[in-house]
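Taking it in order: structure first as structure tokens, then the write-up.
The values are calculated or read from the model by the stated rules, or taken from the named source; none is laboratory data. Since we're looking at a predicted model, the values are computed, not measured. FYI the Cβ positions are ideal-geometry reconstructions off the backbone, even for glycines, and counts take in every protein chain you see. Just the protein is used for accessible areas: all its heavy atoms, side chains included, with ligands, DNA and RNA removed. Shrake-Rupley method; radii C 1.70, N 1.55, O 1.52, S 1.80 Å.
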Amino acid sequence: MSMYTSDHVPFNIITGFLGSGKTTILKKILEDEQFGDSAILINEFGEVGIDDLIISEVSRDVVVLKSGCVCCTIRGELSESIKSLFEKRRNGEIPYFKRIILETTGLADPSPISATLVHDSVLKNNVILGQTLTVIDALNWENNKNEFTVWLDQVSASDQVWIGKKDLVSEESVKALTILINDLNPACTVVSSVKNILKDVFIQNSFKATYSPNNSENSFLLGHESKKSNSAKLDNINSFRLFISEKNFDWFGFGVWLSLLLKKHGNKILRVKGVLYTAGKADPVVIHGVQHIIHPPAHVTFLREENRVSRVVFITKGIDKETVENSLTYFMNACKSGED
Amino acid sequence: MCGLCGALNNESHWSTDITDRDTDNRSKKLNRIRRIKILNTLFKIYGISIRSGTGSFYVVSNRTGVSEVAYNLDSVLNSCEKLSGYDIDPLRISV
């Protein structure tokens, strides 16, 4: 049984490099009634230009917009801002929100946010990490990628990617960029319509949206198709799938192995996302991690497959598939021999 | 925390929470026994042995009998490395 309940509020992240177009997307979200049940954390009201959207002001840092959503600026620690939102909701000072969306700064690596949600003793009982949307600058991505390592952190952490400034480049450039993004992070989807952004609205559906076999962003994870092109390896970044048969899979041994791997090489393990079948359980477990952090895994009841083969997608920097696979095989065999 | 001995009762870790949540005490004990068996299998090459302590903690010992208390898997792994003197890298363990 998952530690998450229907009371957990999905927490979405919108990230992207400086000038990528985050604010443009954010403004669309703030105006859209589809997100009217959300609380949105941003850096500064002035940056987004929402004066014409405000219908009431709760405090200096908190306003309610025409779409129905609550918009707050972050002052100080993120964890305190989130807790403050829950307190205001409880006191009736702000409308009831069903999810939280955070806009990061342009130079932010999203992984510490994950760590905050997982390790904070209050937050882990109130929020669940939902989809991360990364906005990529179609005009300047190459320079950003070459000059700043955080660009890659933002791409590898994404579940969805929005390509900003498409109108300033050719269609061929957008296609090439899309292929590159899929090579770097086969577990994400490049979205082309605002209405498809951050579809995991409710906690009951967040895993459905994130892990549904019908969700194309998980095709690579689930092995239904290969999204990778034949382009050359990029910047020492490897993205690959590992498959483990049910008879060879040991959950706790896998936990020891992955914990050790992240302890030693977490800064090079940019992303882990997996569907794992454990002996004696009908439902698979889904895991999701970014660098050193693994989010609490959960059984999912809607993903039943005939072939109970566990698979895990890795995005690594400087670590190849064969090395990881050999290591995992050793641990699984060692666990099996220990049982005999 | 146990009011008698002060032992912490939380060995919270992502790999153990999913198996131990909402299970009966007998199953939790069996899971724990199995976990310790697997840990001993994996780390005996480093001269490490692990046994169950009172409550939910573990006792990690090396060949010379130096021991440490660990409360969850992450701290067990830290103790294994510290007490063995080895850099335990899963990618460098030979197949």
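So here's what we get for this one:
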item	result
For residues of A:259-266, the mean tally of beta carbons on other chains within 10 Å	5
Accessible area expressed per residue, segment B:15-89, with surrounding protein chains retained (probe 1.4 Å, Å²)	51 Å²
Distance between modelled label sites at A:Leu168 and B:Thr54, nm, 7 Å Cα→Cβ extension	6.7 nm
Exposure of B:Ser12 as accessible area (Å², to 10), given a probe of 1.4 Å and all protein chains	40 Å²
Global size of segment B:15-89 as Cα Rg and Dmax, reported in angstrom	12.6, 39
With DNA, RNA and ligands ignored, accessible area of A:Glu172 (1.4 Å probe; Å², nearest 10)	130 Å²
Cα-Cα over 21 Å, subset of A:Lys124/A:Lys317; A:Lys281/B:Lys29; A:Lys264/A:Lys321; A:Lys66/A:Lys124; A:Lys263/A:Lys317	A:Lys124/A:Lys317; A:Lys66/A:Lys124
Cβ neighbours within 10 Å from other chains - mean over B:30-37	2
Nearby aspartates and glutamates by direct alpha-carbon distance to A:Lys336 (threshold 19 angstrom, same-chain neighbours under 8 apart not counted)	A:Glu246, A:Asp250, A:Glu325
Relative contact order computed over segment B:15-89 (Cα-Cα under 8 Å; 6+ residues apart), in percent	19 percent
Area hidden from solvent between A and B (accessible, protein heavy atoms only, 1.4 Å, total, Å²)	2900 Å²
Viscosity 0.890 mPa s, temperature 25 °C, Stokes-Einstein D of segment A:237-331 from Kirkwood C-alpha radius, µm²/s	182 µm²/s
Computed over segment A:1-119: relative contact order in percent, which uses C-alpha pairs under 8 Å that are six or more apart	37 percent
Inter-part distance where segment B:30-48 and segment A:90-149 are each reduced to a Cα centre, Å	38 Å
Reachable lysines, given that their alpha-carbon falls under 16 Å from the alpha-carbon of A:Lys175 and they are not under 8 places away in the same chain	A:Lys165, A:Lys166, A:Lys227, A:Lys228
Theoretical FRET efficiency, 1/(1+(r/R0)^6), r = Cβ-Cβ of A:Asn333 and A:Glu33, R0 51 Å, to 0.05	0.40
A:Ile55-B:Arg63 FRET efficiency (beta carbon distance; Förster radius 56 Å; 0.05 resolution)	0.20
Which of B:Ile38, B:Ser61, B:Asn25, positive extreme of dipole for segment B:15-89 (C-beta unit charges)	B:Asn25
Surface accessible to a 1.4 Å probe, A:His8 within the full protein complex, Å²	10 Å²
A:Tyr96, A:Tyr330, B:Tyr58, B:Tyr46, reordered so the largest accessible area comes first (probe 1.4 Å)	A:Tyr96, A:Tyr330, B:Tyr46, B:Tyr58
Cut-off under 5 Å, modelled amide H: who pairs with A:Thr134 long-range	A:Thr15, A:Asp159, A:Gln160, A:Val161, A:Trp162
Segment B:15-89, accessible surface, carbon-and-sulfur percent (1.4 angstrom probe)	51 percent
Where A:Thr105, A:Thr132, A:Thr178 fall by accessible area, highest first, once all protein chains stay in place (1.4 Å)	A:Thr105, A:Thr178, A:Thr132
